[in-house]
Amino acid sequence: MKAAILLNVLADRDAVGNDALAMARLLRERGIDTRIYCDAAVGVDESTQPPERALEFAGGRDDLLIYHFSVGWTTGLDVLRKARGFRVVRYHNITPPEFFADYSIDYENACKSGRAEIPVVAKLGCELYLGDSAYNLDELIAEGAPAERGAVLAPFHRVDHLLEAEADLGLVDELSDGACNMLMVGRVAPNKGHVELVDAFAAYVDGWGDPARLLILGKSDPRLQGYSDRIRARIDAHRLGDRVWWLDSASEAQLKAAYLASHAFLTMSHHEGFCVPLIEAMALGTPVVAYGSSAIPGTVGDGGIVWNETDPWLYGAAIARLRADAHLRNDLRDAARRRYGQTFATSVLRERFFQLLEPVL
């Protein structure tokens, strides 16, 4: 038996890439010859092959093909159609194009083409449809995937590595000046709700006073400059000035420092297929306050505070309560760490991964 893992781009510190690399490592540990096939690899220590050659290696009926579906990709779809072994569709979700309509025609078209492939992939009759979340799986089933061949497996991640990493102590000291630190981690993109995030932070500042600081940690894309400009305009409108810190290309040490020094992880994201930063916060003990869109309620569970509306004062009040109520804060941290350990720890995901692949293994 051989295994081919197929994805468009394999990139360092990317949720899809981390998931694919972990699967490859685990399969190799089981003695299965496994290779990764992609159009491009960026910043990873992994030998990859062109996707057109995947079936030369793992095209037999006893072989395994895992297709990481997160973008429109005709090459990958063609390989998936032709595969004759045990086919796994690993669905990470695709952002609806309307989020990008006012900012980037390229992003909008890419998302349109990707979402147009969802019903095609769902109706291929693959042997296993594996969603990062129940939200993702439900989307596939709604588009025609057989429910009896569906399952949920949270994405493999690097949280264990983050837990063991050294924090940037200089940044921890800088942030430990008595201000209430609120943290958002994620790429700067229109579906992530940064404008509403700024509104919620402004509500806290207006209602519960200074000092307070908002940390926005995530990469900006020049193609989405209009969105970044809109965030900055909202910051200026609220006169938040230097209370908002942008960390565009943070190191792992800075990322850990930001979690450790923050009083709340705050996200107003409108669309997530899973949201790995949520479980990073849960594992590191940063209380979560989140807008309950898309997959977020399923990821957070009882490990955070989730609201079903975007009223900024609601989020400001929640963070103020967290700061004032040590019992609530500690109970929430305990619940979050317990949920991480029982549901998202690498050992738990590993066991479920092999259980789901038992028919082919």
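The values are calculated or read from the model by the stated rules, or taken from the named source; none is laboratory data. Every value quoted in this text rests on a predicted model; they were computed, and no experiment measured them. Cβ coordinates were reconstructed from backbone atoms using ideal geometry, including for glycine residues, and neighbour counts include every protein chain displayed.
Quick look at the numbers
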item: Among the candidates Leu214, Leu266, residue that is touching a residue at least 60 places away in the same chain (Cβ under 8 Å), in a strand (DSSP E or B) and buried (at least 20 other Cβ atoms within 10 Å of the Cβ); result: Leu266
item: Count of residues meeting criterion [under 18 Å from the mean Cα position of the chain (by Cα) and buried (at least 21 other Cβ atoms within 10 Å of the Cβ)] in region 141-152; result: 0
item: Evaluation of Phe344 against (1) farther than 21 Å from Glu196 by Cα; (2) surrounded by 20 or more Cβ atoms within 10 Å (Cβ to Cβ); (3) without any contact (Cβ under 8 Å) to a residue 40 or more places away in the chain (one fails), failing number; result: (3)
item: Any chance Ala281 is assigned by TED's automatic domain parsing to the domain that holds Leu215, more than 21 Å from Gly341 (Cβ to Cβ), part of a helix (DSSP H, G or I) and of a type in the set (Gly, Ala, Ser); result: no
item: Candidates Tyr107, Tyr37, filtered to the one that is closer than 19 Å to Val121 by Cα and of a type in the set (Phe, Trp, Tyr); result: Tyr37
item: Sole residue being closer than 18 Å to Val276 by Cβ, modelled with pLDDT of 95 or more and within 17 Å of the chain's Cα centre (by Cα), chosen from Gly303, Gly341; result: Gly303
item: Positions within region 16-32 being part of a helix (DSSP H, G or I), charged (D, E, K, R) and touching a residue at least 60 places away in the same chain (Cβ under 8 Å), in sequence order; result: Asp19
item: Positions within region 47-64 being surrounded by fewer than 17 Cβ atoms within 10 Å (Cβ to Cβ) and part of a loop (DSSP other than H, G, I, E, B), in sequence order; result: Ser47, Pro50, Gly60, Arg61, Asp62
